[in-house]
Each structure stands twice: as structure tokens, then as C-alpha cells.
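Trainee: Attaching a single structure in C-alpha cells format; questions to follow.
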Amino acid sequence: MKKIWGGRFRTAQDPFFEEFNASFPFDACLVEYEIQGTLAHARALARAGVLKPGEASRIARELRRLLQRTRKGPLPDGKRFEDVHAFVEHHLTEQLGDLGRKIHTGRSRNEQVALDLRLFVQHTAGQIQSEIRQAQRALVRLAENHQRALMPGYTHLQRAQPLLLAHYLLAYCEMLERDHGRLADCRKRTSVSPLGSGALAGTSFPVHRRAAAQDLGLRETSQNSLDAVSDRDFLVEFIFDLSLLMVHLSRWAEDFILFTTSEFGFLELSDAVSAGSSLMPQKKNPDALELIRGKCGRVTGSLVALLTLLKGIPFGYNKDLQEDKPPLLDAVRTTADCLNMMELVLKHTRVREDRMRQASSDGELMATDLAEELVRRGVPFRTAHEQVGKLVRRAREKNVPLRDLPSRELRAISPLLVRRMGRLLDPEASVARRNVPGGTAPAQVRRQLSRWKRRLRI
Ligand code: ARG
């Protein structure tokens, strides 16, 4: 294949190097952005008087035709082109002859690739945001279908205090909301046009950089051409946002894996999102959730790959930067898949309210309620904590549930509780008492649910 830079070379590249050097197999997916950028550049050249208006419109027509074609089917054999930039330029030259040979006036692939990646982030971050919304909707729907369901809340994975299941599910909505916001920030910071930066020093043609940015729907123009061609901060930021999002999905997956075990038995996944064992006939495994948890490592890996890639690069463009694409594309695809899978799993989750309620009725979950009742009766909290601690210990020594502790023992340790135990050990009353904004009381959770439904337009 003829190169776009062949003049000073005498002999051809070694075929192995040629393949090693090419990015077309993985940057072909940027072709839409490359065409958009080239359209904006052609317009800029016409405004600067470098191209005649008729020439610019012939180029534009040809680019639009190419866009239609690339949308229809796969691009031609990847082996023929060095990268997506060479592919588009080659197409113009093939179709328009010498006019096509004018398109690269005053521009460099260094700014083109920086622009394509920025447009890619604008677009895909937006897609991930809508997939986040879908996952949030699935959480809210499950919460809504089980508004009164109780579950034990855990700290250190030890039973702590009862919660409403809906409260637990909405906690993940909050995490995802922050991820959504981070992506919005990232899109804002990425909305900068590097066009006009040339290879590193800026172009000598009088292009109207602001107009080109506006053509592309970008908010700003870069302030320093050298920074513009070598900056990949926006990619690091984007993949970090995806990594943290994946950490949230992974924690959620881990919860659900635990909750579907026979030991917990709180949730059951339908066959549609479960897998079996080749050996053990009884098995039904939560593979979908395990894969979400596992794929989190892949996205974190992409983040580390990119940071490591950048750390030793001297100023200006260096070919190392071509290696930013595989981890970026993998991170985006993986995260999108996991969000979609989360939504699907949530739709296929059966909640076993009976099992959750039973686990929530363990009297020890209400130990804090006992201590706080004593506080309301005038006992200093530390004393109350100690008294209830003793009650728990005695019940354990006698191997009886807290509610069955003989009143003789109760009277000896904490006489104020004698007649109040029954009411205090009720998990429903326990959640109802936590009636502060952000608390797990049904009234508060109901308010949160309607807030989410409004926000998500359910
Ligand atoms: N394929 C290259 C990349 O992805 C495009 C920029 C090439 N620039 C250059 N001066 N070789 O980074």
C-alpha cells in the first residue's frame, strides 16, 4: 500500500513491521469521528481561502458518501491501511485525485487522532450514561415491587440492624448517580477542539479555530498546540470513571452472589441468567454476577495500562500513544455489557421476602434499639451499651434467642427493659424508628422512591 508519507523513503517496510505499526484493525471504529473532523477541516480551509468553496463542497460530498458506506457495512481489508486517518485520506484521493491530495493541508494526524478520541468520548460517555439510567430504573422497579420487605443490614458481613430492601437497592442508585455525574464532568472537560494544532506547533494557515470547534459541537478550542497533541488526560479520566463504576457493579454483584447462596437464601435468579455444572447435577450458578465481578478487573487493568503508557512519554506526540486505543475500547465495551447485564439480572431476580424477614427478626439486630430505649429512659449511652451487651452475652451463654432470656436475668441486668422487650425486638418497629432524612424508615424510603421515579421518569 502506498504510504501518505513515502517521499523520503527508498525501500518498503518490512511486512512484519508494517503490521506491527498499523492501528487500522482497532481504530477503524473511529471512522465516523475521523470523517466529521475532516469535514470541519475542509470547511476551515475554505474559510481560510486555502480551498475554493466549490472544492470544499466536493470534498464534503465525498466524505458524506463515505460516511453512508461505512455505516452500511464493514470497512475494507484492514491490512491495506496504516490507520483510519490514512484510510479516509486515501479514499478522497482515490475519488477526487489532486483535490483529495489537498485535504491534509495544514493538519497532522497528531491533532486528528486527538480530535477523534475526544469526539469518541463525547459520544460513548453519553451512551454509558443512558445505560446507567437503565440499570437505575431496574433497581428502582425491584425496590418498588418490594416496598415493605425487610432485610438484615450488615457491617463486617455480620448482622447489624434491619433495613428495608428498597433502602438497600436505592443505595446502589446513589452510587450510580455519582458515576453518571462524573461522566458528565468528563464530557464537559473533553469538549475541546485541537484542530489547528498541526503536528505540534500550530498551523501556518489562517484557520478560524473557534468556527471549526462550533462545527463539531465542541465548547472550546485548545490553548496550547503542544499540549493538544499529546494530552490524553481525558482518556484517563474517562477510564477512571468507568473503573469506579465497575467497582460499584462488582460490589453489587458480590452482594447478590452472597444473597443467592443457600446460606442466605434471600434472592433467587431465574434460569435465564444462571448456568449449570457439567458434573454436579444440582448446581445453579450465578455466572452472570461472577462475570460482572471479574470484568471489573479488566477495566481497572485498562486504567493502569493507560497510566503506565503515559508516564514516560516525552512532550509532543509519540507513537506509544497509539496504544491508548485497545484498553479504551475494551473498557467501554466491557462496562456497557456489564450495565446491560445488571439490568437483565435485576429483571430476573426473585426476592424471598419470607427468608429475609425471618433473618431480620433475629433479636440481636435490635440490640441498638434496646440500648437507645434505655437512653430515652435516662441511662447514659455507654452504660446502656454495656447492659445490653451483657444481655446478649447471657442469651448466647444460655443458647437462647434474646427474646427468650428469662425475665429474672433481664431484671438483674437491665430492669427498665423488662416490660418493653417484645415491642423493642420487632424489626418493623426498628426500621420505623430510623425516621430521619436518608434513614431506612418506610416513610423516608417512600420519599426517596418517588424522588428517583421522578428523576428517572418512570
Ligand atoms: N495511528 C496513530 C495513533 O493512533 C495516529 C497518529 C499518527 N501520528 C504519527 N505522527 N505517526 O496514534
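Trainee: Could you list, in sequence order, all residues of the range 226-269 that are of a type in the set (Gly, Ala, Ser) and in a loop (DSSP other than H, G, I, E, B)? So that I can check it myself, show each step before the final result.
Mentor: Looking only at the range 226-269, we keep the residues that are of a type in the set (Gly, Ala, Ser), and these are 228, 230, 243, 250, 253, 262, 265.
Listed by number, the residues that qualify are 262, 265.
Trainee: A follow-up question, please. Given 287, 320, 337, which one is modelled with pLDDT of 95 or more, farther than 30 Å from residue 268 by Cβ and either surrounded by fewer than 21 Cβ atoms within 10 Å (Cβ to Cβ) or more than 16 Å from the ligand (Cβ to nearest atom) (or both)?
Mentor: Details: 287 fails: farther than 30 Å from residue 268 by Cβ; 337 fails: farther than 30 Å from residue 268 by Cβ.
Result of the check over 287, 320, 337: 320.
Trainee: So for the range 144-163 (the condition being in a helix (DSSP H, G or I), surrounded by fewer than 22 Cβ atoms within 10 Å (Cβ to Cβ) and among the charged types (D, E, K, R)), does at least one residue qualify?
Mentor: yes
Trainee: Sticking with this structure for a sec: Got a sec? Which of 277, 270 is more than 30 Å from residue 425 (Cβ to Cβ), in contact (Cβ under 8 Å) with a residue 12 or more places away in the chain and among the hydroxyl-bearing types (Ser, Thr, Tyr)?
Mentor: Numbers: 277 fails: in contact (Cβ under 8 Å) with a residue 12 or more places away in the chain.
Sole residue among the options that is more than 30 Å from residue 425 (Cβ to Cβ), in contact (Cβ under 8 Å) with a residue 12 or more places away in the chain and among the hydroxyl-bearing types (Ser, Thr, Tyr): 270.
Trainee: List, please: which pairs have Cβ atoms under 9 Å, are six or more places apart or on different chains, and start with a residue in the range 151-166 that is at pLDDT 95 or above and of a type in the set (Gly, Ala, Ser) and end with one that is crowded, with 17+ Cβ neighbours inside 10 Å and in a strand (DSSP E or B)?
Mentor: Going by the 9 Å Cβ cut-off, the qualifying pairs are 153/161; 153/162; 153/163; 160/152; 160/153.
Trainee: Against the conditions (1) at positive phi; (2) surrounded by 21 or more Cβ atoms within 10 Å (Cβ to Cβ), where does residue 113 fall short? Just the number, please.
Mentor: (1)
Trainee: If residue 272 satisfies all but one of (1) among the small types (Gly, Ala, Ser); (2) surrounded by fewer than 19 Cβ atoms within 10 Å (Cβ to Cβ); (3) outside any helix (DSSP H, G or I), what's the number of the condition it fails?
Mentor: (3)
Trainee: Residues that are of a type outside the set (Asp, Glu), modelled with pLDDT under 95 and away from the ligand (no atom under 14 Å from the Cβ), at least 3 per element: which helices (runs of 4 or more DSSP H) completely within the range 1-109 meet that?
Mentor: 53-72
Trainee: Here is a follow-up. Considering only residues of the range 183-196 that are in contact with a strand residue (DSSP E or B) (Cβ under 9 Å, 6 or more places away or on another chain) and of a type in the set (S, T, N, Q), which is farthest from the ligand (Cβ to nearest atom)?
Mentor: From the range 183-196, those in contact with a strand residue (DSSP E or B) (Cβ under 9 Å, 6 or more places away or on another chain) are 191-196; that's our starting set.
Keeping just the survivors that are of a type in the set (S, T, N, Q) gives 191, 193.
Numbers: 191: 21, 193: 17 Å.
Checked the range 183-196; the qualifying residue farthest from the ligand (Cβ to nearest atom) is 191.
Trainee: Residues to consider are 287, 320; find the one that is touching a strand residue (DSSP E or B) at 6+ places or on another chain (Cβ under 7 Å) and either closer than 30 Å to residue 202 by Cα or among the acidic types (Asp, Glu) (or both). Break it down stepwise before answering.
Mentor: On the way: 320 fails: touching a strand residue (DSSP E or B) at 6+ places or on another chain (Cβ under 7 Å).
It is 287.
Trainee: Can you tell me which residue in the range 437-458 is nearest to residue 362 (Cα to Cα), limited to those that are β-branched (Val, Ile, Thr) and assigned to a loop (DSSP other than H, G, I, E, B)?
Mentor: From the range 437-458, those β-branched (Val, Ile, Thr) are 440, 445, 458; that's our starting set.
Narrowing further to those that are assigned to a loop (DSSP other than H, G, I, E, B): 440, 458.
Working: 440: 18, 458: 35 Å.
Taking the candidates together, the pick is 440.
Trainee: Tell me the residue from 398, 390 that is without any contact (Cβ under 8 Å) to a residue 12 or more places away in the chain and not hydrophobic (A, V, I, L, M, F, W, C), please.
Mentor: Details: 390 fails: without any contact (Cβ under 8 Å) to a residue 12 or more places away in the chain.
Within the list 398, 390, the selection yields 398.
Trainee: Right, next: May I ask you to list pairs of residues, at least six apart or on different chains, whose Cβ atoms are under 7 Å apart, with the first in the range 84-105 being more than 13 Å from residue 38 (Cα to Cα) and of a type in the set (Lys, Arg) and the second being within 14 Å of the ligand (Cβ to nearest atom) and assigned to a helix (DSSP H, G or I)?
Mentor: Note: no pairs meet the criteria.
Trainee: List the number of the failed condition for residue 223; all other conditions in (1) more than 16 Å from the ligand (Cβ to nearest atom); (2) part of a loop (DSSP other than H, G, I, E, B); (3) in contact (Cβ under 8 Å) with a residue 12 or more places away in the chain hold.
Mentor: Just one mismatch for residue 223, condition (3).
The values are calculated or read from the model by the stated rules, or taken from the named source; none is laboratory data. Just so we're clear, the structure is a prediction, and the values are computed from it rather than from any experiment. FYI the Cβ positions are ideal-geometry reconstructions off the backbone, even for glycines, and counts take in every protein chain you see.
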